[in-house]
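The values are calculated or read from the model by the stated rules, or taken from the named source; none is laboratory data. What you see is a predicted model; the values in this text were computed from it and never measured. Cβ placement follows ideal geometry from the backbone for every residue including glycine, while neighbour counts extend to all protein chains displayed.
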Amino acid sequence: MKIASYAIEKQVNTWLLILLCFLGGLWALATIGRLEDPAFTLKEAIVVTYYPGATATEVEEEVTELLESAIQQLSQLKRITSKSMPGKSEIRVEIQDKYDGKQMPQIWDELRRKVNDASHRLPTGTMPPVVNDDFGDVFGIFYAVTAEGYSDREIRELATFLRREMLLVPGVAKVQTAGEPEEQIYVEISHDRLLGIGLPLELVIGTLQAENAVASAGSLQVGDKRVRLISKPGLDSIAAIENLRIGKAGSTEQLSIYDVATVSRQEAEVPSQLIRFNGRAAFTLAISGLTDANIVDVGKAVDAHLATLNSRIPLGVELHPIYQQHIVVDTAINDFIINLVISVVIVVAVLCLTMGWRVGLVVGGTLLLTVLGTVFFMRVWHIEMERISLGALIIAMGMLVDNAIVVAETMLINMQRGMASRKAAGEAASRTQIPLLGATVIGIMAFAGIGLSPDSTGEFLFSLFAVIGISLLLSWVLAITVTPLLGHYLFKVSANSAAEDPYAGGFYQRYARLLSLALRHRLATLGMLLGLTVVSVIGFGQVKQVFFPASNTPIFYLNYFLPQGSDIRATARDMQQIEQLILADETVVSVSSFIGGGASRFMLTYAPEQPNAAYGQLIIRTSHRDQIPPLMQKIRDELPAQFPNAEIYTQQLMFGPGSGAKLQARIAGADEAVLRQLGQQVADIMRNTDGVTDIRQNWRQRELVVVPDFNEDRARVAGINRTDLAQTLEFSSTGVRSGVYREHDKQIPIVVRPPADERFNLDRLNDRMIWSSTDKTYIPLTQVINSFETQHEEAKIQRRNRIRTLTVEAEPATSITADQALRRIKTQIEQLPMPAGYQLSWGGEFESSSDAQASLAAQLPLSFIVMLVISILLFGSLKQPLVIWLIVPMSICGVTAGLLASGLPFGFTALLGFLSLSGMLMKNAIVLVEEIDLQLAESQDKLQAIVQASVSRIRPVILAALTTILGMLPLIWDAFFNSMAVTIMAGLAFATILTLVAVPVLYSLVFRISAAK
């Protein structure tokens, strides 16, 4: 089928295709969705259950175990992990990779049903389990709001105002605030006052709860109407609480609350979370966009709405950006488009210099239309413009331009041999269109394993496969339609060119002589190539390995843990000192502090720490990403000595899925003492190994507790039970929550407690009195308690797949990769003797990388089978495909040399480059082998036919390699793609030699073409 001739004859149709790609591409550039990184579904949910008063062990046995047993019945379950803490169970549920985002809502509904069915079997006193399946929502527009000089109430009103206003912005899905000052109403009753009037504590608490309860009062029928009766809560002000009457029922012995207590409305004594920005108290405003919205447009709309609110926001209130995804995305996309334009300009310039301006314009025009057409189809099929999809265009650049170069070169040679442009175009396209199509499909299938991988890495990189598939197929269509038409317009040859041999130049002749020499000594040539390949494979073992590289966003985290059980105010005090130390560094732009828990998820790859009073985190922004490693090292060197009781470790922002510690050794077993002992041995090995730092374990320290020795016999006589004891102790320490005070949309807790001088004195516990329902009076607490004992108990029992699992975590030093650090400790740790019933496994980057590679490996066989079948169908024989496939392993030579010379690691992006390189290599080999077959069919001299065919393909092969290598130059400075760029550039440089030398040599060997002939 002469598609090229048709394209020239039916020029209107071809111009319609040109306009569709050009105008459609311009429309798509203006309207396509933009993201920083591709979205991937977090197939995780957290089930949180509170069991007030229970120890971690009791929570594990009575709550976590029961819920895990129910959740395990989910057929979609991949993994279940849990943390059992005093009074709280937290279960993380992970779903299998094969389920996509559209199926997740149904799976979460099934999870809720399982949890709800099991909740009826939970012990008395347990609160209903809460299934949180949207904790993976990303709030990419993230501000810290400071309001110095304003009261707590004014700050809360400001937070409510900002949240309400942001929800009005088109495209905004959710708005979350955190860190506002918490408020409580305290009813402080002196212990001595209670004793003096003989007032039971339960009476005070019960009265407060009953007076402010919302209850139905029924309704009356009045004529044809039904009139509701309303019993309003009685507490509508502080004065109403103070005037509340308490006393014995049926008696005139009544007192007002203010007669026995002091009522005050103030900031919570122990806040759940504290936030600061650059050392100033703040709260955060986190905004997420709709899933189908352009985050850049949403961000601009938010900025515009905030600008209109300036007159309504009080003077002195400042919004400080912690992370603005729309600005990051806009900058990154614009920079990447500039890189893409530079790459196209480089390609066109090289073609103009080497083949003349006419060929340069033809091939460059085809390339431009291919890129614009690809963007158009991305917009139509809702593929956003982000780091991966744009990177795919540059990855495919070599193969995109190759199709047009082959057709243009062949057409030009035909015209130089005397053919008319239409005939030359038809002959050129018909001769190459099938091999180019087959090679294009093979190039696409090289990436199918990644695009079809069901895990989060495959989802993250799916746009790469999609964009490469679209662009390569489109490049083939345009190469056999638009390229001939443009060549018909622009190609000119001299009148006597038919008499000239187009390959008579010195460059062609030198290559012909070199190839003839290699063919005469083909065994020696092949031996040299095989030797070089073996050396390169061995040398590849010295290349550094990573999963995903560090992000180019100049942000990193400092995580701070005090011993488990520490007060949040102690954590805040230390964090304030660390803030000032870090802010004093001239490279630091800002420091955002989060005490008592992590920040809102402002990036998909950020995993916020769940609430923990002993935890603090600093989000530190520097001027440039290169300033992060030395600052991290400075923190590691200086801070541990200043805060010896704390665990301090830093983490850099990473590209791609996967989070947590990069080095993780998991020990699973039943006994906590044995787990801690084994964990200590693992930690000791890590501490004694150079290059391993920030060592910690996830069970943390045992927590100090005070345990009363309850005397059952004496308590029963006095009519006192354990609940009475617990309430008395709670009142004497933190205070007892006794209902809420309703104010508009807020519910403020009412807490009954003694004054500060009574609460903060541990020694006064022995002097406490407890109400005896039998004697109707207070009796000494020591009458029902033998003594108070201090003990240490587990506070964070971690389980993985229902087995207790302690994980020792660490980070590699800034100078080495996680893979290098793991190699240093792996053998020693695996040699530790494990008792029966205990197992060691590896997590962290090793597990993430292994899982991704296993998922990829599961898809690759199908891809390779398709590639193999296509290569066989192209030739209808096995020998030609054998030649093509034999050279693929040799491409590692250039890759090894390039990565070792540059010092860059081989990561997942470099693997993408290697797959791209394999596709380019096979494509060139297919076209060359096809040309050799055609030349052999027309020539009696078989050896000369091989040489002549190779000479005819040398310019397209070298030009495709040169344009690709130079087109990759802008990516050398991109943190995400630099290792991939080096892989392609160095690999392709050597692959060109493979194509031009190894393919002819292997062809002559496989087909037994004698050098003598």
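Please count how many residues of region 34-51 are of a type in the set (A, V, I, L, M, F, W, C) and assigned to a strand (DSSP E or B).
Start the filter on region 34-51 by keeping residues that are of a type in the set (A, V, I, L, M, F, W, C), which leaves 35, 39-40, 42, 45-48.
Those left that are additionally assigned to a strand (DSSP E or B): 45-48.
Result for region 34-51: 4.
Among the residues of region 241-264 satisfying the criterion of being out of contact with any helix residue (DSSP H, G or I) (no Cβ under 6 Å at 6 or more places or on another chain) and modelled with pLDDT of 85 or more, which is surrounded by the most Cβ atoms within 10 Å (Cβ to Cβ)?
Ala261
Quickly run through region 759-785 and pick out the residues that are within 20 Å of Ile205 (Cβ to Cβ) and within 49 Å of the chain's Cα centre (by Cα).
Scanning region 759-785 gives a single hit, Arg759.
From Leu899, Leu904, Leu921, grab the single residue that is aliphatic (A, V, I, L, M), touching a residue at least 12 places away in the same chain (Cβ under 8 Å), out of contact with any Asp or Glu (no Cβ under 7 Å at 6 or more places or on another chain) and in a loop (DSSP other than H, G, I, E, B). Quick ask: steps written out before the conclusion?
Values: Leu899 fails: in a loop (DSSP other than H, G, I, E, B); Leu921 fails: in a loop (DSSP other than H, G, I, E, B).
The conditions single out Leu904.
Do we have any residue at all in region 203-222 that's in contact with a Phe, Trp or Tyr (Cβ under 8 Å, 6 or more places away or on another chain), among the acidic types (Asp, Glu) and in the same structural domain as Phe760 (by TED's automatic domain parsing)? Quick ask: steps written out before the conclusion?
So the first thing to find is which residues in region 203-222 are in contact with a Phe, Trp or Tyr (Cβ under 8 Å, 6 or more places away or on another chain), and the list is 212.
Subset that is among the acidic types (Asp, Glu): none.
For region 203-222, residues in contact with a Phe, Trp or Tyr (Cβ under 8 Å, 6 or more places away or on another chain), among the acidic types (Asp, Glu) and in the same structural domain as Phe760 (by TED's automatic domain parsing): absent.
Just checking, how many residues over region 178-226 are closer than 19 Å to Lys776 by Cα and assigned to a helix (DSSP H, G or I)?
So the count comes out to 14.
Would you mind finding the one in Ala439, Ala448 that is surrounded by 24 or more Cβ atoms within 10 Å (Cβ to Cβ) and within 19 Å of Val869 (Cβ to Cβ)?
Residue meeting the stated conditions: Ala439.
Among the numbered criteria (1) free of Cβ contacts under 8 Å to residues at least 40 places away in the same chain; (2) among the acidic types (Asp, Glu); (3) part of a loop (DSSP other than H, G, I, E, B), which one does Asp303 miss?
The single condition Asp303 does not satisfy is (3).
Scanning region 813-850 for residues that are of a type in the set (Ser, Thr, Tyr) and in a loop (DSSP other than H, G, I, E, B), which turns out farthest from Ile635 (Cα to Cα)? Before you say what the answer is, go through the steps one by one.
Our first condition is that a residue be of a type in the set (Ser, Thr, Tyr); within region 813-850, this holds for 814-815, 817, 827, 838, 841, 848-850.
Of the ones still in play, those that are also in a loop (DSSP other than H, G, I, E, B) are 814-815, 817, 838.
Details: Thr814: 12, Ser815: 15, Thr817: 19, Tyr838: 36 Å.
Filtering first and then ranking leaves Tyr838.
Output the helices (runs of 4 or more DSSP H) that fall wholly within region 402-469 and possess 3 or more residues being assigned by TED's automatic domain parsing to the domain that holds Thr481 and small (Gly, Ala, Ser), or say none. Step through it out loud before you land on a result.
Values: elements: 421-445, 448-451, 456-460.
Ranges flagged: 421-445, 448-451.
Residue-by-condition table, conditions (1) loosely packed, with under 14 Cβ neighbours inside 10 Å; (2) touching a His at 6+ places or on another chain (Cβ under 6 Å); (3) in the same structural domain as Glu65 (by TED's automatic domain parsing):
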{"residue": "Met104", "(1), (2), (3)": "no, no, yes"}
{"residue": "Leu122", "(1), (2), (3)": "no, no, yes"}
{"residue": "Ser151", "(1), (2), (3)": "yes, no, no"}
{"residue": "Leu158", "(1), (2), (3)": "no, no, no"}
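If Thr790 satisfies every condition in (1) in a strand (DSSP E or B); (2) out of contact with any Leu (no Cβ under 8 Å at 6 or more places or on another chain); (3) of a type in the set (Val, Ile, Thr) but one, which is the exception?
(2)
If I filter region 52-88 down to residues being in a helix (DSSP H, G or I) and β-branched (Val, Ile, Thr), which single residue comes out as farthest from Glu793 (Cα to Cα)?
Top of the filtered list is Ile71.
Scan region 685-728 for residues that are without any contact (Cβ under 8 Å) to a residue 40 or more places away in the chain and either assigned to a helix (DSSP H, G or I) or under 30 Å from Arg636 (Cα atoms) (or both) and report the count.
7
Scan the strands (runs of 3 or more DSSP E) fully inside region 730-772 and keep the ones with 1 or more residues being hydroxyl-bearing (Ser, Thr, Tyr), surrounded by fewer than 17 Cβ atoms within 10 Å (Cβ to Cβ) and in contact with a Gly (Cβ under 6 Å, 6 or more places away or on another chain).
none
Which residues, counting only those in region 559-612, are touching a His at 6+ places or on another chain (Cβ under 9 Å) and among the small types (Gly, Ala, Ser)?
Residues satisfying the conditions are Ser590, Ser592.
Taking Gly171 and the conditions (1) on the phi > 0 side of the Ramachandran plot; (2) modelled with pLDDT under 90, which numbered condition does it fall short on, given that it satisfies the others?
(2)
Which residue out of Asn310, Asn278 is of a type in the set (S, T, N, Q) and in contact (Cβ under 8 Å) with a residue 60 or more places away in the chain?
Asn278
Looking at this structure, is Pro835 surrounded by fewer than 18 Cβ atoms within 10 Å (Cβ to Cβ) and within 26 Å of Ala261 (Cβ to Cβ)?
No, not satisfied.
Being closer than 17 Å to Glu269 by Cβ and touching a residue at least 60 places away in the same chain (Cβ under 8 Å) is the filter here, so list the residues in region 729-739 that pass it.
Result: Phe731, Ser732, Thr734, Gly735, Val736, Ser738.
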